[in-house]
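So the structure is just underneath, and the comments pick up after that.
Computed from the coordinates by the stated procedures, all read-outs in this text should not be read as laboratory data. Computed from a prediction, not measured in an experiment: that's the story for all the values here. FYI the Cβ positions are ideal-geometry reconstructions off the backbone, even for glycines, and counts take in every protein chain you see.
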Amino acid sequence: MTEYGGGGPAYGAGPGAGGGAGPGAATDPAGGAVRPGPAGADPGAAERLARAALTRVLEPGDERGGRWLRECGAVGLWRRITDPAGEAERLRGMTVRRLAGYRLRAARADPERDLAAVAAVGGRFVCPGDREWPSQLDDLGDARPTGLWVRGGPDLRLWALRSVAVVGARACTPYGAHMATTLGAGLAERGWVVVSGAAFGVDGAAHRGALAAGGATIAVLACGVDVAYPPGHAELIARVAGQGLVIGELAPAERPTRSRFVLRNRVIAALTRGTVVVEAEYRSGSLVTARVAQRLGRFTMGVPGPATSGLSAGVHELLRGEGVLVTDAAEVAELVGDIGDLAPSRSGPVLARDLLDAVAGRVLDALPARAAVDAREVARGAGTSADEALGKLYELHSLGYVERVGEGWRLTRRPTCRDDARRGGS
């Protein structure tokens with residue numbers, strides 16, 4: 001697994017490597033052919049244009065396409081797909097039908113137009129091998145993104161180094177929304193970047209919690225970064241882009257589909273140190289994110305809910321496996337953070353009678369609830385001598401626990417001194 005904070009990608013090649021065109025090459029966005037560029041031109045520019053074009057052609061998570069990209073380089077793969085003499089048929093796993101579909105998509109690809117469109121909304125295109133590329137995404141192997149369209153000012157790689165995903169049901173309960181908001185705000189206050197999918201429900205609540213705390217958050221979209229989806233979250237996505245980052249694998253103006261939502265989740269899982277699931281049914285995209293995170297060796301966490309709620313069923317199943325139960329941001333940070341990121345120790349309230357020594361506690365328990373008894377009866381119940389029992393009764397009398405009634409002793413009836421929390425249970 002790629003180490004967080006690593007200097008470069010552990011998988012594949014960066015721009016200009018691995019079967020790409022030579023120095024001075026560039027792509028022809030209209031016809032897809034590779035043409036020589038001027039002497040001294042940046043070979044990485046050709047690779048970048050080709051990768052941008054391929055985001056129009058390859059679906060997210062296309063492992064065949066990822067393998068061809070690794071073997072041929074982006075320029076080489078683009079040439080094979082678009083050039084009739086490019087010998088695309090020789091690619092292992094390529095079929096006539098698949099190639100026809102690729103070429104149909106490639107015909108409308110215009111990477112220079114797409115790069116201009118993302119720049120117009122304050123964005124950029126980040127490729128594997130770039131300084132800003134989060135190398136932990138390389139753990140996805142051939143399913144890693146061809147590139148990422150990024151909208152927002154912060155450095156994606158640096159933000160991803162200390163990030164946690166908070167995901168869950170779209171139709172969440174008020175409890176789920178509260179927990180997601182609280183987690184988002186708490187993690188942001190501790191310096192963690194909150195990553196989610198900008199969907200309704202838990203995702204939106206997590207983003208809002210981080211934004212309200214003045215913290216950092218990243219929205220991973222299943223569409224173009226210039227598309228507000230869902231439309232009801234247009235304002236939220238604009239706030240995330242202004243205060244944090246909006247990223248996606250799909251080229252500008254691309255619309256989401258059901259499969260793209262599912263495949264988007266692998267990016268959320270790979271990008272972050274751990275994934276927290278707040279509410280999820282048995283069939284839930286949030287559990288897909290958690291399973292990918294487990295396969296990649298990331299932390300998986302779940303927030304428990306009512307056992308009678310169907311929205312808790314998937315989370316509880318996760319917790320019955322390898323998931324770790326968490327209830328607040330401090331517990332999440334303790335699990336995914338560095339040495340010293342410890343959650344505060346928790347315990348119930350300390351009652352005054354908890355400070356009594358063992359013998360005094362047994363003497364107090366030996367007194368009946370209402371009647372008065374003599375010291376011998378107390379000693380018999382406490383398993384001690386009459387003298388020791390009498391001495392403890394006087395101690396308890398001075399502390400206000402018991403009172404003398406003639407020759408006997410009983411529990412004091414003053415409300416301030418009564419303690420219903422008996423030793424050994426209530």
- Listed peptides 257-266, 139-148 by packing density, highest first (mean Cβ within 10 Å): 139-148, 257-266
- Taking Lys and Arg as +1 and Asp and Glu as -1, residues besides Thr257 with C-beta under 12 Å from its C-beta add up to +2
- Enumerate the calculated ³J(HN,Hα) couplings along the range 271-276 in order (Karplus 6.51 cos²θ - 1.76 cosθ + 1.60, θ = phi - 60°), each rounded to whole Hz, writing x wherever the residue is Gly or Pro. 6, 10, 6, x, 10, 10
- Task: Once you have the Cα-Cα distance between Leu158 and His178, take 0.36 nm times their residue separation minus that, and quote the gain in nm to one decimal.
- Result: 4.3 nm
- Query: How large is the dipole of the range 217-263 about the Cα centre if only Lys and Arg carry +1 and Asp and Glu carry -1, each at its Cβ, rounded to the nearest 20 debye?
  - Reply: 140
- Net charge (Lys, Arg +1; Asp, Glu -1) of residues whose beta-carbon lies under 9 Å from that of Val121, Val121 excluded, is 0
- Message: List the residues, sorted by chain then number, that are 5 or more residues from Thr412 or on another chain and whose placed amide H is less than 5 Å from its amide H.
- Response: Val402, Glu403
- Net length gained if the chain between Leu399 and Thr308 were fully extended (0.36 nm per residue, minus Cα distance): 28.2 nm
- Query: FRET efficiency for Asp387 and Glu317, Cβ-Cβ distance as r, R0 = 56 Å, nearest 0.05?
  - Reply: 0.40
